[in-house]
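The values are calculated or read from the model by the stated rules, or taken from the named source; none is laboratory data. For clarity, every value in this text was computed on a predicted model and none was experimentally measured. Here the Cβ positions follow ideal geometry from the backbone for every residue, glycine too, while neighbour counts run over all protein chains shown. We work out accessible area using only protein heavy atoms, side chains counted, and drop any ligands, DNA or RNA first. Shrake-Rupley method; radii C 1.70, N 1.55, O 1.52, S 1.80 Å.
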Amino acid sequence: MGFWTLVVYPNGNKKDSGSGYLSLYVAIDNSTLVAAHQEVLADLRFYIFNNNERKYFTIQDTTVWRFNVFKTMWGFSQVLPVDTFKDPKNGYLYDGDHCEFGVDVIIPSIAENSELFSATEKFYNPTFTWTIRGFSTLLKDMYSSDVFTIGGRSWNIQVYPNGRGEGEGKFLSMFLKLNGEETLRPYEKVYVRAKLRVLNQSKLNNVQNQLDSWFSRAAPSWGFRKLISFDDLRDSSKGFLVNDVLMVQVEMEAVSSTKYFP
């Protein structure tokens with residue numbers, strides 16, 4: 001059977017001439033290849049649900065795909081034009097930007113396995129704000145927010161008051177972390193699109209960066225080492241640090257989930 005991962009590029013896999021298209025792939029993990037003596041043959045059938053027609057749009061090749069250590073991911077770089085996919089009139093996005101993808105991995109005469117990947121893009125309460133008091137007195141390298149839940153997953157914000165990596169000593173660093181209580185399969189990935197912000201308390205412009213990342217066991221946190229410079233933070237006229245209070249925020253724009261069958 002082995003471990004398989006459905007990989008979705010909502011804006012196209014540019015490395016595989018998929019620019020402007022939705023791209024769909026399946027990846028196999030190396031331990032499966034070792035168990036199968038380095039090669040697995042599989043039929044792949046990808047699905048995208050169309051809510052207008054109440055049918056699955058399917059795409060498959062007539063050939064059997066050969067997975068090995070040199071080629072662990074196969075699929076289609078040009079499944080649907082992004083504009084077609086993202087236009088709600090076409091039925092691929094529905095109920096407030098909900099979409100569903102699936103794949104059947106059929107290993108001839110040995111086993112069948114499939115998973116259903118869906119990405120939700122509208123949340124009842126998409127933002128979490130963390131107010132940090134006494135910012136100038138913080139001594140530890142990293143501080144973590146209370147846990148919060150958006151998109152069916154639990155998260156924390158991590159702030160490095162003195163910066164991290166190339167931001168150290170000059171910038172505030174901020175990351176979004178999948179909470180440690182979240183259980184992922186060994187090769188499961190969670191796609192997240194979000195904005196990480198330092199809020200401006202003088203009603204001027206916030207500082208924000210766009211996150212577009214895949215979270216996994218191996219990479220449970222993503223963020224920015226250079227979110228805002230200490231020069232801007234310490235300049236009281238700029239309104240980011242008021243009465244030694246810092247306010248940071250995450251706004252979730254998309255979170256994926258995967259159901260496994262059987």
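Quick notes on this structure:
- Some residue of the range 65-76 being assigned to a loop (DSSP other than H, G, I, E, B), open to solvent by 60 Å² or more (accessible area, probe 1.4 Å) and in contact with a helix residue (DSSP H, G or I) (Cβ under 8 Å, 6 or more places away or on another chain): yes
- Residue that is open to solvent by 40 Å² or more (accessible area, probe 1.4 Å) and part of a strand (DSSP E or B), where the choices are Asn156, Asn209, Asn162, Asn205: Asn209
- Of the residues in the range 124-142, at least one is free of Cβ contacts under 8 Å to residues at least 40 places away in the same chain, farther than 30 Å from Gly167 by Cα and not acidic (Asp, Glu).
- Answer residue from the range 35-58, given it is buried (at least 16 other Cβ atoms within 10 Å of the Cβ) and among the aliphatic types (A, V, I, L, M) and is nearest to Gly12 (Cα to Cα) among those: Ile48
- Residue count, the range 243-262 (criterion: hydrophobic (A, V, I, L, M, F, W, C), surrounded by fewer than 16 Cβ atoms within 10 Å (Cβ to Cβ) and within 22 Å of Ser145 (Cα to Cα)): 1
- Meets criteria (of a type in the set (Gly, Ala, Ser), assigned to a loop (DSSP other than H, G, I, E, B) and open to solvent by 20 Å² or more (accessible area, probe 1.4 Å)) for Gly169: yes
- Test result for Tyr191, under 30 Å from Thr32 (Cβ atoms), open to solvent by 30 Å² or more (accessible area, probe 1.4 Å) and of a type in the set (Phe, Trp, Tyr): no
- Residue match in the range 228-242 (condition: part of a strand (DSSP E or B) and open to solvent by 70 Å² or more (accessible area, probe 1.4 Å)): no
- The combined condition, being out of contact with any Cys (no Cβ under 9 Å at 6 or more places or on another chain), of a type in the set (Asp, Glu) and at pLDDT 90 or above, is not fulfilled by Asp43.
- The one condition in (1) among the aromatic types (Phe, Trp, Tyr); (2) closer than 23 Å to Glu188 by Cα; (3) surrounded by 13 or more Cβ atoms within 10 Å (Cβ to Cβ) that Tyr92 fails to fulfil: (2)
- Matching option when the condition is over 24 Å from the mean Cα position of the chain (by Cα) and either among the acidic types (Asp, Glu) or at pLDDT 90 or above (or both), among Lys89, Lys55: Lys89
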